[in-house]
Amino acid sequence: MLDLLRAIVLGIVEGITEFLPISSTGHLVLFEHWMGISLKDDTSFWYAFTIFIQIGAIFAVIVFFREKLLSMLMPGRRVVASTPLEISAAAGIKSTIAVSAPASGEIRPGPIPAIIIGTIPVLVIGYLAQKVVAAHLENAGVIAATLGIGGVIMIVIEMVTAGSETDKIEDITLRQAIIIGCAQVLAAVFPGTSRSAATIMGGMLVGLSRKAAAEFSFFLAIPAMFAACGYSLLKLVMHHREVLTLQNILLLTAGTLVSYLVAWLVIASFMHYIRRYTFIPFGIYRIILSAFVLYFLLKK
């Protein structure tokens, strides 16, 4: 029963923190301390658990934005939203995967190629840097520092950005896709950065509106997280399959389902929120969370 409770709590934490710009890693550090489990040992079940349940969060993105994703894959398809919260996220899409050159002279590759372009840097550099990150950067001190620094940067970006030139992801230029893709690398190299924070803030810096930056961040998560989950789980099955007992498989299922349900609600609420408010509260929250992580680090 205790393990089931842990699975549910970690599923909730994953669902809430994966797509908000507040760092899922930073929260897992605290819950690792409070729950008395190891989330760093790549041979342990709970390490595999925190990776596997990300699949639930990924499917939440796919389901919530399903009409928009289908419209990007099938240009000209009519978008139909099924709930009030999905209407604003799905409406008004006329996507194309054909390369076009706007009047400014910049290339707009279309949303699907832009997602592919934005994903390449994190796949390449994340793979090459994984051993260095695991050996030197996956510790509470680095996580606390990146949480705090990221919070300050988030507040500064909100204060200095003066409007947006790109309000829809189909208008993202090749330059913007490359820069946002490079920003995503920060989350792979510096734990605690938050993948969503890096991509959203990177998007706003290069001229995307909050809405467009958030949507592009969600779509970038799909291939990046599938690749990371698939690679980590493959290593687990090949070298430590003994942890995949029937009881643990049931815990994985429960955690993934909770992660999916919570993530869907978070995405819906987040898209509603950013149409009206700034990211400054998230920046302040990151700074406070950084202080908590430092406190528990010094307490050990």
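The values are calculated or read from the model by the stated rules, or taken from the named source; none is laboratory data. Note that this is a predicted model, so its numbers are computed, not measured. Neighbour counts are summed over all protein chains in view; Cβ atoms, including those assigned to glycine, are modelled from backbone coordinates with ideal geometry.
Mind checking which residues of segment 8-39 are in contact with a Phe, Trp or Tyr (Cβ under 7 Å, 6 or more places away or on another chain), in contact (Cβ under 8 Å) with a residue 40 or more places away in the chain and farther than 16 Å from W264 by Cα? Across segment 8-39, the qualifying residues are I22, L30, H33. The single condition from (1) buried (at least 18 other Cβ atoms within 10 Å of the Cβ); (2) among the small types (G, A, S); (3) in a helix (DSSP H, G or I) that G192 fails is (3).
Please find, within segment 250-279, the residue that is surrounded by the most Cβ atoms within 10 Å (Cβ to Cβ) out of those that are over 18 Å from the mean Cα position of the chain (by Cα) and not small (G, A, S). Break it down into steps so the answer makes sense when it comes.
First, the residues of segment 250-279 that are over 18 Å from the mean Cα position of the chain (by Cα): 250-254, 275-278.
Now narrow it down to the ones that are not small (G, A, S): 250-253, 275-278.
Details: L250: 13, L251: 23, L252: 20, T253: 14, R275: 11, R276: 7, Y277: 11, T278: 16.
Among those that are over 18 Å from the mean Cα position of the chain (by Cα) and not small (G, A, S), it is L251.
Out of A145, A187, A183, which single residue is within 18 Å of the chain's Cα centre (by Cα) and touching a residue at least 60 places away in the same chain (Cβ under 8 Å)?
Within the list A145, A187, A183, the selection yields A187.
Scanning segment 254-264 for residues that are among the β-branched types (V, I, T) and either within 15 Å of C229 (Cβ to Cβ) or in contact with a strand residue (DSSP E or B) (Cβ under 6 Å, 6 or more places away or on another chain) (or both) yields a single hit, T256. When segment 57-86 is filtered for residues that are of a type in the set (K, R) and modelled with pLDDT under 85, the ones remaining, listed by number, are R77, R78. Annotation: I284 fulfils all but one of (1) β-branched (V, I, T); (2) surrounded by fewer than 16 Cβ atoms within 10 Å (Cβ to Cβ); (3) more than 30 Å from S164 (Cα to Cα); the unmet one is (3). Which residue is surrounded by the most Cβ atoms within 10 Å (Cβ to Cβ), if the candidates are limited to segment 17-47 and must be farther than 22 Å from L246 by Cβ, out of contact with any His (no Cβ under 8 Å at 6 or more places or on another chain) and among the β-branched types (V, I, T)? Ranking the qualifying residues of segment 17-47, first place goes to V29. Here Y285 meets each of (1) more than 24 Å from I62 (Cα to Cα); (2) at pLDDT below 95; (3) in a helix (DSSP H, G or I); (4) not small (G, A, S) with one exception, condition (2).
When we screen Y260, Y285, Y295, Y231 for residues that are under 27 Å from E158 (Cα atoms) and either without any contact (Cβ under 8 Å) to a residue 40 or more places away in the chain or among the aromatic types (F, W, Y) (or both), the only hit is Y285.
Residues in segment 289-299 that are surrounded by fewer than 14 Cβ atoms within 10 Å (Cβ to Cβ) and in contact with a helix residue (DSSP H, G or I) (Cβ under 8 Å, 6 or more places away or on another chain): 1 in all.
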